[in-house]
Amino acid sequence: MKTVVFDIDGVLADWSTGFSQWAQSVFPEVPVVTHANCAAWDVRPGMTPEMERVIWSLIKQDARFWRDLPSLATERELRAISELIYQGHRVYFATNRKTPRALAATRDWLEARLHTDAVNVIITHRKGEFCKVVDADYYIDDKSENVDCAIWMTDTKTKSYVITRPYNSVIYAPHSKSARRVSTVLEFVEDINAEI
Ligand SMILES: [Mg+2]
């Protein structure tokens, strides 16, 4: 049995579209930025820091934000992840969502799409450390700094993958030689299945 860690936002869920849609509902001039045209995950076009604070205060009051996020993973990819769970692998979903009720909302989001209630969600921004403490065999994230950290923390034991996104294709290229790049979640799961 293997231990597999999935990051959620930017890998499975389209946080960028969800956030900018909420922003647009309050500030109509804000453009919707999907993960596909998101140049930098931490820069919100058309928004001032104050506007961002307003939207975050709304998200803190309403966990439906997390429940309603669009999926980046395809049906086939979600089925492939469910299969890992059904096969008995230890699958964790690690996220840095820290607003009230984000844990329950994230679990709901995953359960609805993976068609199982055997979903393990952990809220942490220390994903490298998390990979170390659970002895992760595989890990995927869209933030290559996290991937580098996992490789460093686990002394390369965790096979760590960066999923290519517009905002990490050049400037956030993996720093660690052993980091692997994939274009899709399916490639990541197929890599796991090829080795078990
Ligand atoms: Mg992410």
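Bear in mind these aren't lab numbers, they're just calculated from the coordinates by the rules spelled out. Just so you know, these numbers come straight off a predicted model, no measurement behind them. When we count neighbours, we look across all protein chains shown, and the Cβ atoms used for this are built from the backbone with ideal geometry, even at glycine.
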Helix 185-195: angle to the longest alpha-carbon principal axis of the chain, degrees 0 to 90, nearest 10? 10 degrees
Provide, in order from the shortest bin, the percent of all Cα-Cα pairs of the chain in each 5 Å bin, continuing until the bin that contains the maximum pair distance. 1, 8, 16, 20, 21, 17, 10, 5, 2, 0
Whichever aspartates and glutamates have a C-alpha closer than 20 Å to that of LYS127, once near sequence neighbours (fewer than 8 apart) are set aside: ASP7, ASP9, ASP14, ASP42, ASP135, ASP137, ASP141, ASP142, GLU145, ASP148, ASP155
Given N residues in the stretch 15-67, what is Rg(Cα) / (2.2 N^0.38 Å)? 1.04
Give, rounded to the nearest 20 debye, the magnitude of the charge dipole that the chain has about its Cα centre when Lys and Arg contribute +1 at Cβ and Asp and Glu contribute -1 at Cβ. 300 debye
Modelling each spin label as a point 7 Å along the Cα-to-Cβ direction, I'd like the ASP135/ASP117 distance in nm, to one decimal. 2.9 nm
Obtain the nm distance between the two label points defined at LYS157 and MET51 by a simple spin-label model: each point lies 7 Å from its Cα along the Cα-to-C-beta direction. 4.7 nm
Mean separation of Cα pairs under 8 Å and 6+ residues apart, divided by the residue count of the stretch 86-196: what relative contact order is that in percent? 19 percent
Using 0.36 nm times the number of residues separating ASP42 and GLU29, minus their current alpha carbon distance, what extension gain do you get? 2.8 nm
Based on the mean of other Cβ atoms within 10 Å per residue, sort peptides 36-43, 78-85, 181-188 so the most packed one is first. 78-85, 181-188, 36-43
To make sure I understand, if each residue's beta carbon is the centre and we count other beta carbons within 10 Å, what order do ILE59, ILE8 fall in, fewest to most? ILE59, ILE8
Give me TRP15, TRP152 sorted ascending by neighbouring Cβ count inside 10 Å, so fewest comes first. TRP152, TRP15
